[in-house]
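One structure is given here, and the rest of the page talks about it.
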Amino acid sequence: MEQVRQDRLDDVRPEKKQKSIWLELLELIVIAFVLVVIIKGFLIEPFYIPSGSMEPTLQINDRIIVSKLSYHLTHPHRGDIIVFKYPEDHRRDFVKRLIAVGGETVELRNSVLLINGQPVAEDYLPQGLKFDNYPPTKVPYGFYFMLGDNRNNSDDSRYWGMMPQKDIIGKAVFIYWPLNRLETL
């Protein structure tokens, strides 16, 4: 008797319609698109390195992941590798190392970086690198002094001035391509 009741209940339950494969595919594409927009817009973004201005740290054709969220949680620090809008043309993105922050005085003398008159160790530079002097310059608050690691072949703050904080895209966190260069920054 119990079996007969269950069979009758099964008969009165509405049948679920199967979604077409095309509708499911469309839903999947829309969800993927929304996730990409959210992730790329607010969390992380891949970038390509087209020049040798950051050698030896970043090589031509390296691909890096940049955290867009990092500087919403903390302030940039000296030594961070930052991707930002090029101050002279916001359609271009640049990647450089943060050397000095607002309120500090930066100077390059005899191939040595000085911040507020004190030498700063730069272990990331190639041994024996020689570069031109740069006079003592105070960085305004809300701005950063940016240099490429390849000091002799870098278009950086020595030429176009200080980088405004508002132009920061994010912090470079790791190299993901080529695989033999996979590493955190």
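A few comments on the model shown:
- Given (1) over 30 Å from ASP155 (Cα atoms); (2) modelled with pLDDT of 75 or more, index of the condition VAL4 fails: (2)
- Condition met for PHE84 (farther than 13 Å from MET54 by Cα, assigned to a loop (DSSP other than H, G, I, E, B) and not small (Gly, Ala, Ser)): no
- The set of residues from the stretch 141-180 being surrounded by 14 or more Cβ atoms within 10 Å (Cβ to Cβ) and either without any contact (Cβ under 8 Å) to a residue 12 or more places away in the chain or part of a helix (DSSP H, G or I) (or both) comprises ARG151, SER157, ARG158, TRP160, GLN165, ASP167.
- Candidate set from the stretch 33-81 (those that are hydroxyl-bearing (Ser, Thr, Tyr) and not in a loop (DSSP other than H, G, I, E, B)); member that is farthest from LYS166 (Cα to Cα): TYR48
- In the stretch 112-129, the residues that are touching a residue at least 40 places away in the same chain (Cβ under 8 Å) form Cβ pairs under 8 Å with partners that are among the hydroxyl-bearing types (Ser, Thr, Tyr), at six or more places apart or across chains, as follows: TYR124/THR57.
- All positions within the stretch 99-125 that are surrounded by 11 or more Cβ atoms within 10 Å (Cβ to Cβ) and not in a strand (DSSP E or B): GLY102, GLY103, GLU104, SER111, ASN116, GLU122, TYR124, LEU125
- For the stretch 18-31, the count of residues that are closer than 27 Å to GLY170 by Cα, surrounded by 10 or more Cβ atoms within 10 Å (Cβ to Cβ) and at pLDDT 75 or above is nonzero.
- Hey, LYS138 open to solvent by 40 Å² or more (accessible area, probe 1.4 Å), within 17 Å of the chain's Cα centre (by Cα), on the phi < 0 side of the Ramachandran plot and at pLDDT 95 or above or not: no
The values are calculated or read from the model by the stated rules, or taken from the named source; none is laboratory data. Since the structure is predicted, the reported quantities are computational estimates derived from the model, not experimental observations. Positions of Cβ are backbone-derived with ideal geometry, glycine not excepted, and every protein chain shown enters the neighbour counts. For accessibility, only protein heavy atoms count, side chains too; no ligands or nucleic acids. Shrake-Rupley method; radii C 1.70, N 1.55, O 1.52, S 1.80 Å.
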